[in-house]
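Presented below is the structure to which this report refers.
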Amino acid sequence: MLTETLGPVLIANRGEIARRIIRTVKRMGLRAIAVHSEADADLPFVREADEAVLLGPANPAQSYLDAAKVLEAARATGARAIHPGYGFLSENAAFARAVVEAGMTWIGPSQESIDRMGDKINARNLMEAAGVPVAAGTREPVTDLSLALRAAESIGYPVMVKTAGGGGGIGMSVAHDDEALAKAYEQAARAASRFAGDALDGPAVLIERYIERARHVEVQILGLPDGRVLALGERDCSVQRRHQKVVEESPSPGITPELRERMLAAAVRAGEAVGYLGAGTVECLVDADAQDFVFLEMNTRLQVEHPVTELVTGLDLVELQLRVAAGESPDLDVRPRGHAIEFRVYAEDPKRFFPGPGVITTWDEPVGEGVRVDSGYESGNTVTPFYDPLMAKLCVLGEDRADALAKGRKAVEAFAVAGPKNNLPFCAELLDDDEFVSGDYDTALVARMRGGRA
């Protein structure tokens, strides 16, 4: 059935996630088709696919973000399904709709679900109606500074200011008073105009109450064709620089079993509220002191950090995405075991976290029991400045958190990369940080490690 419904599968992405999807697609007996830019022609994912199509120049707008070119590549190769990975076109409802209208299978949620959850304000209003806890905040887009000031006065400082659309921490900042709010609003408005598009009445900004000591914890859900929504456990993503994740682990060391059960139940309600289909993530902010949580946003795609869930559950989330897209509703016995940690290996300065691309002269991945590396590069490849500097994801699985930390130290030390700058020294530093090792940390951990500059 899968071969008839899905094969061949075109992977509309690049690097480690394209390579990872290709691996599962081929294991399931399906033909894998890659698309690539001129800059990525020599990367492993291009070679490992059954077929590869050149989209265009390095500029993403002329290659990976050009929906028409991706669709043409799918038609030319006889693809019957498209997997978008994460980033690029993965949460583009118009692209998902075009794929379906072209007679192909979209390996992801419906375009309606993507639309409904793509705007943070609409999403939080929908979640509130579904009984999912949300932070005090604006229910309509904030389109000028006067509205922002009134909203902050009503909510109470400190507040988080961010764009209503987009992700990856773009345009996010915290304001503790009116002066800081003016700066934060200007930053978010610029980001909204640049990345989310300008509304006719001004850029859309969201203002919410800021939790001073917060953990970022997300729940992996899977919506099935028979209408069920399953919670596959949670991931703690609190190790962040510039509001962007660096290290993730599962289970979260900072929540109680009672809070975990409430979060999983709320995530299921969130998925049911939008008729969710496939793999998705409900992200929450946890008040580390009060042991309570609020909805943050929903990502309607596969997450970068999905390997930690795979390691503790033994499930292949890409395989489940494919099966769900083919109309199957698998019965799953979800019993997470052990403790998994993922370290994102970036081509960046380990102190200030600025990108540092270059030619890879050494690439030696660690191996061993409980060690998994999802990489997008190998020795001789070039990390270019055109894309996110993520080179690989180093993951470890231990019997418990102490065992996972020990395996992480050995794996980080054994991972040899030379040429581009890389953040492996930061990962080693983190693994020796008392606060991280204790498990009692929050989203400001990296900033504290860097004197408030991360």
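The values are calculated or read from the model by the stated rules, or taken from the named source; none is laboratory data. Because the structure is predicted, anything quoted here is derived from the model rather than measured. Note that we place each Cβ from the backbone using ideal geometry, even for glycine, and neighbour counts take in every protein chain shown. The area values use the complete protein model at the heavy-atom level, side chains included, leaving out ligands, DNA and RNA. Shrake-Rupley method; radii C 1.70, N 1.55, O 1.52, S 1.80 Å.
Residues in region 330-370 that are open to solvent by 40 Å² or more (accessible area, probe 1.4 Å) and under 23 Å from Gln303 (Cβ atoms): Leu332, Asp333, Val334, Arg335, Pro336, Arg337, Pro355, Glu365.
With respect to being within 27 Å of Asp115 (Cα to Cα) and free of Cβ contacts under 8 Å to residues at least 12 places away in the same chain, Glu91 falls outside the description. Listed by first and then second residue, the pairs linking a residue in region 58-80 that is farther than 17 Å from Ile107 by Cα and touching a residue at least 60 places away in the same chain (Cβ under 8 Å) to a residue that is buried (at least 19 other Cβ atoms within 10 Å of the Cβ) and among the β-branched types (Val, Ile, Thr), with Cβ atoms under 6 Å apart and 6 or more places separating them unless they lie on different chains, are Thr77/Ile33.
Where helices (runs of 4 or more DSSP H) sit wholly within region 359-454, those with at least 1 residues that are over 24 Å from the mean Cα position of the chain (by Cα) occupy 401-414, 434-438. Being acidic (Asp, Glu) and over 20 Å from Asp440 (Cα atoms) is the filter here, so list the residues in region 249-280 that pass it. Selection gives Glu272 alone.
Of the helices (runs of 4 or more DSSP H) contained entirely in region 25-110, those carrying at least 1 residues that are under 19 Å from Ala325 (Cβ atoms) and within 23 Å of the chain's Cα centre (by Cα) fall at 67-77, 93-101.
Determine, yes or no, whether Phe436 is touching a Leu at 6+ places or on another chain (Cβ under 9 Å) and not aliphatic (A, V, I, L, M).
Yes, satisfied.
Within region 116-139, the set of residues being among the polar types (S, T, N, Q) and outside any loop (DSSP other than H, G, I, E, B) comprises Asn122, Asn125. So, Glu153, is that one open to solvent by 50 Å² or more (accessible area, probe 1.4 Å), farther than 27 Å from Ala93 by Cα and modelled with pLDDT under 95 or not? Answer is no for this residue. Mind checking whether some residue in region 250-265 is in contact with a strand residue (DSSP E or B) (Cβ under 6 Å, 6 or more places away or on another chain), over 29 Å from Phe426 (Cβ atoms) and surrounded by fewer than 24 Cβ atoms within 10 Å (Cβ to Cβ)? Yes, because at least one residue in region 250-265 is in contact with a strand residue (DSSP E or B) (Cβ under 6 Å, 6 or more places away or on another chain), over 29 Å from Phe426 (Cβ atoms) and surrounded by fewer than 24 Cβ atoms within 10 Å (Cβ to Cβ).
Could you grab the pairs with beta carbons closer than 9 Å, sequence gap of 6+ or different chains, first residue in region 126-153 and over 21 Å from His216 (Cα atoms) and touching a residue at least 24 places away in the same chain (Cβ under 8 Å), second one of a type in the set (Gly, Ala, Ser) and open to solvent by 40 Å² or more (accessible area, probe 1.4 Å)? From residues that are over 21 Å from His216 (Cα atoms) and touching a residue at least 24 places away in the same chain (Cβ under 8 Å), the pairs are Pro141/Ala199; Thr143/Ala199.
Quick check on my filter: what residues within region 21-42 are under 20 Å from Val383 (Cα atoms) and surrounded by 24 or more Cβ atoms within 10 Å (Cβ to Cβ)? Selection gives Ala34, Val35, His36, Asp40. Scanning region 260-278 for residues that are without any contact (Cβ under 8 Å) to a residue 60 or more places away in the chain and either touching a helix residue (DSSP H, G or I) at 6+ places or on another chain (Cβ under 6 Å) or within 19 Å of Ala325 (Cβ to Cβ) (or both) turns up just one, Gly271. Residues that are more than 17 Å from Arg19 (Cα to Cα) and among the charged types (D, E, K, R) within region 359-392 comprise Asp364, Glu369, listed in sequence order.
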